[in-house]
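Enquirer: Before I ask anything, let me first share the structure, which is written out below as structure tokens.
Throughout, read-outs are computed from the coordinates displayed, never taken from laboratory work. Computed from a predicted model, the values in this text were never measured in an experiment. Glycine gets a Cβ as well: all are built from the backbone with ideal geometry, and neighbour counts include every protein chain shown.
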Amino acid sequence: MNIHEYQAKQIFAQYGVPTPKGIMVESVRDAVKAAEELGGPVWVVKAQIHAGGRGLGGGVKLARSLEEVEKLANEILGMTLVTHQTTAEGKLVQKLYIEDGADIKSEFYLSVVLDRKLEMPLIMASTEGGMNIEDVAEHTPEKIITIPVDPSIGFQGFHGRQLAFGLGLTDPVEQKNIISFAQKLFKVYMDKDAEMIEINPLVKTGTGEFIALDGKMGFDNSALGRQPDIAAMRDLTEENADEVEAARYGLSYVALDGEIGCMVNGAGLAMGTMDTINHMGGTPANFLDVGGSASAETVAKGFEIILKNPKVKAIFVNIFGGIVRCDRIANGIIEATKLTDVNVPVIVRLDGTNALEAAEILKNANIANLIVGNDLGDGAAKAVAAAKGN
Amino acid sequence: MSILVNKDTKVIVQGFTGKEGSFHAEQCMAYGTKIVGGVTPNKGGTTHLGQPVFNTVKEAVATTGATVSMIFVPPAFVGDAVMEAAEAGIELAVIITEGAPVKDMQAAKAFATKHNMKTIGPNCPGIITAQECKIGIMPGMIFKKGNVGLISKSGTLTYEGANQVCNEGFGISTAVGIGGDPIIGLSYKQLLAMFEADPETHCIVMIGEIGGDLEIQAAAYIKENITKPVVAFIAGQTAPKGKTMGHAGAIVSGSAGTAVEKMAALEAAGATVVVSPAEIGKAVTKAMSKL
């Protein structure tokens, strides 16, 4: 789960990680009020969406007067922002963050992520602040320093020294400030079950202080149960509505661009089914994992979500029953054809637990448009042919 | 022979009396697995499915001599359960539970390693040595005894792969579902080494997916150390960047963790890489016919 910049900064503030003062607003009037409250003389008007690259997309702008704040708030609020991290359709800006301008002397990059290879958190830092860190990693990898921190010992002095010297900081006050900053940030990472924290840029001010000018946080979904304050920060308007709806029924759904709707049990088989369709010359319209406890109701819901997509020309149901019983899926398909108008061919391949019973149920139901796939390859081939109108 | 577990392996179940634990323990017993007891705090001294229940893993191990634990406790308690098993001297913990916090698994795995306990999972179907011992939730009937070892991050692709191998007239020595979380226990590399050393295994099927670099590490290991034929499939060639595809660990971040990169590395290491899971069975037949 991701949160907005203003929310990340609220969390930073609780832990004493320095950030500029700012206020989140949802109207132009409140934007001006916020600017008055902050006092100026310089403000930054920032679009709040769950994607990076906002500045380049025109979603972050500097204002030198209250009039300018008003003008910029008017421009940015309600605009559809397209960045390298959004889809081509972009994201609607519904919230702004009005922030004090900072005295920037130099810009750095700082993040904490999980290193899956080392199986521990990793602090990454660079003097190349404000740049896309993936570009830095590709072109000048020597400018990125990495410091793994074993949680069983926590953030120690030597981690801090590696960071300060690695960034070329020689002033003792600046060294002390960056170490304290990173130490607090690491605590945020551990305490809040974060998956990643990224500050880009982290700025050094004229007085040698370090301030989080930006803040991006993602969290471990599996830990949200014990992080109620984080779970409460979820902004559903930033997520794909169909994916949210699907999740409510225990379905894992991701929309794609193709023509063949997929309903599969298990994430691996769901990806493998998409790959097979693609390999046979078709295009998958979605990823959909019905999960381990699929019922007639969830299957019917899955059909409904798949069919919302007007591009779908055929549906491939591919189930290898382990815990999921094929007869339940078969009943779900019958249920779905009663509840929704399934107006495209449905190719069904059911194997594993209770597959024979399922075949019998489907045969007796006599559903028009239903084509049986004998195995994964056969089912995918039939789905590709059906989508092409053959 | 086989790897890790066989007909003599003594298994306890943590979360024995819960709904999931009960259901699957019963299925495992019906398959022939020696479930010798289970652990549920405050139910010690009772009997469940004809086996003794203990309050702690320590007591269960002392009384039954179990070496493997199958873990079904709820996600929030998985870390604790794994560490308890490690401390009690369990040699292998098979963690079925889905949705354990990453931070907990990080600490639990580090602790398990310190105590020389191997782990499989979490969020996995478990491990099965065909027609001998099933520790997990897979449908046992599709695994016929044979000479193909199978390693997979995905549960249903494990079934798909095993089913194809058996339909081709071959069978499975041991199949291991390693799970698709960001932090998992035994990985391809370690299991490849075990299959290489197992005389019953003649060919290895390795099923991976996008995200992380375990498959890349496996490729390097195959190149240097594996003499048996490897058939590999990587799921997620058509997955969009930056999206989590069902499994918490299945995500392409930036240019890292793509299917293309992994397939190329495995190909270069000498593995037979298939572009669709539908081709696993045929590829195994081809590999076995050359032996």
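Enquirer: Given the pairs A:Lys308/A:Lys382; A:Lys117/A:Lys216; A:Lys33/A:Lys61; B:Lys103/B:Lys134; A:Lys192/B:Lys58, which are separated by over 26 angstrom at their Cα positions? Please list the in-between numbers first.
Expert: Details: A:Lys308/A:Lys382 22 Å; A:Lys117/A:Lys216 23 Å; A:Lys33/A:Lys61 17 Å; B:Lys103/B:Lys134 29 Å; A:Lys192/B:Lys58 32 Å.
Beyond 26 Å between Cα atoms: B:Lys103/B:Lys134; A:Lys192/B:Lys58.
Enquirer: Sticking with this one: Counting residues in segment A:103-237 as N, plug N into 2.2 N^0.38 Å and put the Cα Rg over that result. Please report the intermediate quantities before stating the final value.
Expert: On the way: Rg = 15.1 Å, N = 135, 2.2 N^0.38 = 14.2 Å.
That ratio works out to 1.06.
Enquirer: While we're here: Which of the trypsin sites (Lys or Arg not before Pro) found in segment A:358-389 are in a DSSP loop and have at most 14 neighbouring Cβ atoms, other than their own, within 10 Å? Numbers along the way, then the final one.
Expert: Details: sites: A:Lys363, A:Lys382, A:Lys388; in loops: A:Lys388.
Of the trypsin sites (Lys or Arg not before Pro), the ones in loops of segment A:358-389 whose Cβ has at most 14 other Cβ atoms within 10 Å are A:Lys388.
Enquirer: Going by alpha carbons, how many degrees (0 to 90, nearest 10) lie between the helix axis of B:188-197 and the longest principal axis of chain B?
Expert: 90 degrees
Enquirer: So what are chain B's ellipsoid semi-axes, whole angstrom, largest first, if each one is the square root of 5 times an eigenvalue of the alpha-carbon gyration tensor?
Expert: Values: eigenvalues 197, 92, 49 Å².
Semi-axes (√(5λ), whole Å): 31, 21, 16.
Enquirer: Along the three principal axes, how long is segment B:182-247 when you take its alpha carbons, biggest first, rounded to the nearest angstrom?
Expert: Over segment B:182-247, Cα extents along the principal axes are 40, 22, 20 Å.
Enquirer: Right, next: Kindly provide the trypsin sites (Lys or Arg not before Pro) of segment B:1-99 that DSSP labels as loop, not H, G, I, E or B, and whose Cβ sees at most 14 other Cβ atoms within 10 Å.
Expert: Details: sites: B:Lys7, B:Lys10, B:Lys19, B:Lys34, B:Lys43, B:Lys58; in loops: B:Lys7, B:Lys43.
When the trypsin sites (Lys or Arg not before Pro) of segment B:1-99 are filtered for loop state and at most 14 Cβ neighbours within 10 Å, B:Lys7 remain.
Enquirer: Relative to the longest principal axis of the C-alpha atoms of chain B, give the angle of the C-alpha long axis of helix B:155-167, reported between 0 and 90° and rounded to the nearest 10°.
Expert: Tilt relative to chain B: about 70 degrees.
Enquirer: Starting from segment A:1-83, pick out the GluC sites (Glu not before Pro) whose DSSP state is loop and whose Cβ has at most 14 other Cβ atoms within 10 Å. It would help to have the intermediate numbers written out before the result.
Expert: Numbers: sites: A:Glu5, A:Glu26, A:Glu36, A:Glu37, A:Glu67, A:Glu68, A:Glu70, A:Glu75; in loops: A:Glu26.
Passing both the DSSP loop test and the Cβ count: A:Glu26.
Enquirer: Another question, if that's okay. Of B:Gly146, B:Gly242, B:Gly89, which has the largest mean-square fluctuation in a 10 Å C-alpha GNM of chain B?
Expert: B:Gly242
Enquirer: Mind checking the mean number of beta-carbon atoms from other chains within 10 Å of the Cβ atoms in B:205-218? It would help to have the intermediate numbers written out before the result.
Expert: Numbers: counts 0, 0, 3, 1, 4, 1, 1, 2, 2, 2, 0, 1, 1, 0.
So the per-residue partner count for this stretch is 1.
Enquirer: Could you tell me the relative contact order of segment A:230-339? Use alpha-carbon pairs under 8 Å, at least six residues apart, and round to a whole percent.
Expert: On the way: 186 pairs, mean separation 32.4, N = 110.
Value for segment A:230-339: 29 percent.
Enquirer: Considering only DSSP beta bridges where both residues belong to chain A, give the percentage that are antiparallel (nearest 5).
Expert: Once the DSSP bridges in chain A are tallied, antiparallel ones form about 75 percent.
Enquirer: Determine, for A:Arg116, A:Arg328, A:Arg226, the number of other Cβ atoms within 10 Å of each Cβ, and report the residues in order from fewest to most.
Expert: A:Arg226, A:Arg116, A:Arg328
Enquirer: Another question about this same structure. For chain A, what is the mean residue ellipticity at 222 nm derived from helices alone (per DSSP H run of n ≥ 4: -39500 (n - 2.57); sum divided by total residues; nearest 500 deg cm²/dmol)? Write down the numbers at each step before the final one.
Expert: On the way: 13 runs with 144 residues, N = 390.
Calculated from helices alone, the mean residue ellipticity at 222 nm is -11000 deg cm²/dmol.
Enquirer: With both partners inside the protein assembly as shown, how many of the DSSP beta bridges are antiparallel, as a percent to the nearest 5?
Expert: Working: 57 of 111 bridges.
About 50 percent, rounded to the nearest 5.
Enquirer: Another question about this same structure. Sorted from largest down, give the three principal axis spans of the alpha carbons of chain A, whole angstrom values.
Expert: Per principal axis, max minus min of the Cα coordinates gives 79, 50, 39 Å.
Enquirer: Moving on. Per-residue Cβ counts within 10 Å, from other chains only, averaged over B:159-166: what number is that?
Expert: Values: counts 10, 11, 3, 1, 5, 3, 0, 0.
Per residue, the number of nearby Cβ atoms from other chains is 4 on average.
Enquirer: Follow-up. Give me the angle, in degrees from 0 to 90, between the Cα long axis of helix A:28-38 and the longest principal axis of the Cα atoms of chain A, rounded to the nearest 10.
Expert: Orientation of helix A:28-38: about 30 degrees from the principal axis.
Enquirer: Count charges around A:Ala358 for me, please; just the other residues with Cβ under 14 Å from its Cβ, Lys/Arg as +1, Asp/Glu as -1. Don't skip to the end; give the middle numbers.
Expert: Numbers: positive: A:Arg325, A:Arg328, A:Arg349, A:Lys363; negative: A:Asp327, A:Glu335, A:Asp351, A:Glu357, A:Glu360.
Here the charged neighbours net out to -1.
Enquirer: Work out the mean other chain Cβ neighbour count within 10 Å for the residues of A:113-126 and drop it here as an integer.
Expert: Average neighbour count from other chains, rounded to a whole number: 3.
Enquirer: I've got another one for you. How many nm separate the modelled label positions at A:Asp378 and A:Lys21, each set 7 Å beyond the Cα in the direction of the Cβ?
Expert: With each label point 7 Å from Cα toward Cβ, the separation is 7.2 nm.
Enquirer: Another one. Could you compute the FRET efficiency for A:Asp229 and B:Lys290, with r as their C-beta to C-beta distance and R0 at 56 Å, rounded to 0.05?
Expert: Working: r = 59 Å, r/R0 = 1.06.
My answer for the efficiency is 0.40.
Enquirer: While we're on this one: Eigenvalues of the Cα gyration tensor times 5, then square-rooted: what semi-axes does that give for segment A:241-387, in whole angstrom, largest first? It would help to have the intermediate numbers written out before the result.
Expert: Details: eigenvalues 71, 58, 45 Å².
In descending order, the three semi-axes are 19, 17, 15 Å.
Enquirer: In addition: How many nm is it between the label spots at A:Leu339 and B:Thr113, if each spot is 7 Å from the Cα in line with the beta carbon?
Expert: Once both label points are built, they end up 4.6 nm from each other.
Enquirer: So for the protein assembly as shown, considering every pair of alpha-carbon atoms, how many percent are separated by more than 44 Å? Let's see the in-between values first.
Expert: Details: 63055 of 231540 pairs.
Taking all Cα-Cα pairs of the protein assembly as shown, the fraction more than 44 Å apart is 27 percent.
Enquirer: Give me A:Val44, B:Val57 sorted ascending by neighbouring Cβ count inside 10 Å, so fewest comes first.
Expert: Working: A:Val44 20, B:Val57 24.
The most exposed by this proxy come first: A:Val44, B:Val57.
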